[in-house]
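Here is the structure we will look at, set down as structure tokens.
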Amino acid sequence: MTDNEAGKLDFGDQSSLDASLSIAARALQESGILRVTRQVRAMLARGEKIVNLTVGDFDPRYFRIPKKLAEEIQAAIGRGETNYPTPEGMLPLRQAISDYVYRTAGVRYPVDAIVVCSGGRPVLYGAYRAVVNPGDKVLYSVPSWMNDSYSLLTGGESIEIEATSETGFQPTLEQLAPHLSEAAMLCLCSPGNPTGTVMTAEHLTRILEAVVVENRKRESAGRRPLFVLHDQMYGALVSEGQKHTYPAAVVPESARYVISADGLSKAYAGTGLRVGWMLVAPAIGARIRDILSHAGAWAPRAEQLGAANFLNDAKAIADFRVEMSARLAERFDAMYDGFQKLAADGYPVDSINPQGAIYFSARFVLHGCEYEGKLIETDTDIRLLLLEQAGIAVVPFQAFGVKGDTGWFRLSAGAVSLDEIRDMFPRIRSLLDRVD
Ligand SMILES: Cc1ncc(COP(=O)(O)O)c(C=O)c1O
């Protein structure tokens, strides 16, 4: 009896199979975030006690999707809404999104400027695919989420601007301006992942005005315009005193070049629902719709119809927002308070007052110090020290494209309890006491 007959398949030598795949497939490396989270998951599976701040997701024990949204989706499945959705998204949802955006930002996108798909990722991938030719320049700042991978996949040449803590890790017009004339696409994200920082309306306006000026020049020279990929997956999640700005609300003329990504994943704690949408000029949206259709990257029909009924219910949204904001705020406050106290006591840490998303930026300046006679040199050394000696799992900004060892880390508030956050500070303090 051969292996096959025994029910065992022989897939041959995996590394030579891998070596025979396309250049694009092989160029993609495992994301730095996944590498970190895999290690943490393995430790958790072994029963180790770890405060897991690496997860860009929500633990349903603390963050549930809105009750009304869950009920509407279940009802839609019950009615038999389980066939293919329309490729651009179900009309009731696109209408509901149009109204939702109008209520939120005062800008009216017609339904043909709204394309629904299975989350935020397809919007980003589709935008890259629709805009970027091999060799085209893609301009974005680091740290940022996944632009390096999308650029690589589409053959783009990345121009990476290193954003700094002084500007909340958001790129400034001064940094971007020298590259605007050569870029095919500019990628912005606010509130940002990994930083949780918000780009101000004034700041966004200045950048978009520069894009409009650049595009007027390109139009008269017969050149393709500079497109803007605007990732606002966390737009609904801003801390008190902060404001999220829609590009078209401040620079209406930019609407023709901007592809905005939004969805239920973060705003409504529904990362597994896979409902996202783009706000986009109809001609661009139609192309992205066609590209995504080949991957079947549609949002499930029942979830779209459930989401439509939910998004039409302004009260359900407002009630949910109050509850989710309070839960995030208490976590962020505990983190900020803990780091402020450490800094006040002279420990080499820094942090940014949280502005939005589900992320907190904290810095450990331990490079050149020693732990038990061992030199701490890199951000990976610091990450491992926090993980192994204090049971705290964080992601370095290097996983988001930062090249140097800056000591900045992302701490996610989505999958931890308030008690876990409070309890970790004595452990950080005791670890830092052991560092010379
Ligand atoms: C900034 C940002 N954009 C887009 C996405 C993708 O969202 P989705 O899970 O809906 O694909 C994420 C997910 O973590 C994100 O952090």
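The values are calculated or read from the model by the stated rules, or taken from the named source; none is laboratory data. All figures in this text were calculated on a predicted structure; none of them were measured in a lab. Note that we place each Cβ from the backbone using ideal geometry, even for glycine, and neighbour counts take in every protein chain shown. Side chains included, ligands, DNA and RNA excluded: accessible areas come from the protein's heavy atoms. Shrake-Rupley method; radii C 1.70, N 1.55, O 1.52, S 1.80 Å.
Of the residues Tyr102, Tyr109, Tyr140, only one is touching a residue at least 60 places away in the same chain (Cβ under 8 Å) and either under 25 Å from Ala249 (Cβ atoms) or not in a strand (DSSP E or B) (or both); which? Don't jump to the end; show me each part of the working.
Details: Tyr102 fails: touching a residue at least 60 places away in the same chain (Cβ under 8 Å); Tyr140 fails: touching a residue at least 60 places away in the same chain (Cβ under 8 Å).
Just one listed residue meets the conditions, Tyr109.
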(request) Go through Gly192, Gly276, Gly272 for me and flag whichever is touching a Cys at 6+ places or on another chain (Cβ under 7 Å) and either within 11 Å of the ligand (Cβ to nearest atom) or open to solvent by less than 10 Å² (accessible area, probe 1.4 Å) (or both). (result) Gly276
(request) Select, from Val115, Val55, the only residue that is within 16 Å of the ligand (Cβ to nearest atom), open to solvent by less than 60 Å² (accessible area, probe 1.4 Å) and more than 17 Å from Trp277 (Cα to Cα). (result) Val55
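Output the number of residues of the stretch 3-55 satisfying the condition of being among the hydrophobic types (A, V, I, L, M, F, W, C) and more than 20 Å from Val402 (Cα to Cα).
Start the filter on the stretch 3-55 by keeping residues that are among the hydrophobic types (A, V, I, L, M, F, W, C), which leaves 6, 9, 11, 17, 19, 21, 23-25, 27-28, 33-34, 36, 40, 42-45, 50-51, 53, 55.
Applying the additional criterion that residues be more than 20 Å from Val402 (Cα to Cα) yields 6, 9, 11, 17, 19, 21, 23-25, 40, 42-45, 50-51.
Looking only at that region, the number is 16.
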(message) Tally up the residues in the stretch 348-361 that are buried (at least 19 other Cβ atoms within 10 Å of the Cβ) and closer than 21 Å to Asp436 by Cβ, please.
(response) 1
(message) Please go through the stretch 215-244 and give me each residue that is among the polar types (S, T, N, Q) and either within 10 Å of the ligand (Cβ to nearest atom) or crowded, with 23+ Cβ neighbours inside 10 Å (or both), ordered by number.
(response) Gln232
(request) Please work out if Ala177 is part of a strand (DSSP E or B) and surrounded by fewer than 22 Cβ atoms within 10 Å (Cβ to Cβ). (result) no
(message) Whether any residue in the stretch 4-27 is under 30 Å from Ile284 (Cα atoms), out of contact with any His (no Cβ under 8 Å at 6 or more places or on another chain) and of a type in the set (Asp, Glu) is what I want to check.
(response) no
(request) Collect the residues in the stretch 292-309 that are closer than 29 Å to Arg256 by Cα and either more than 16 Å from the ligand (Cβ to nearest atom) or open to solvent by 60 Å² or more (accessible area, probe 1.4 Å) (or both), keeping them in residue-number order. (result) Ser293, His294, Ala295, Trp298, Arg301, Leu305, Ala308, Asn309
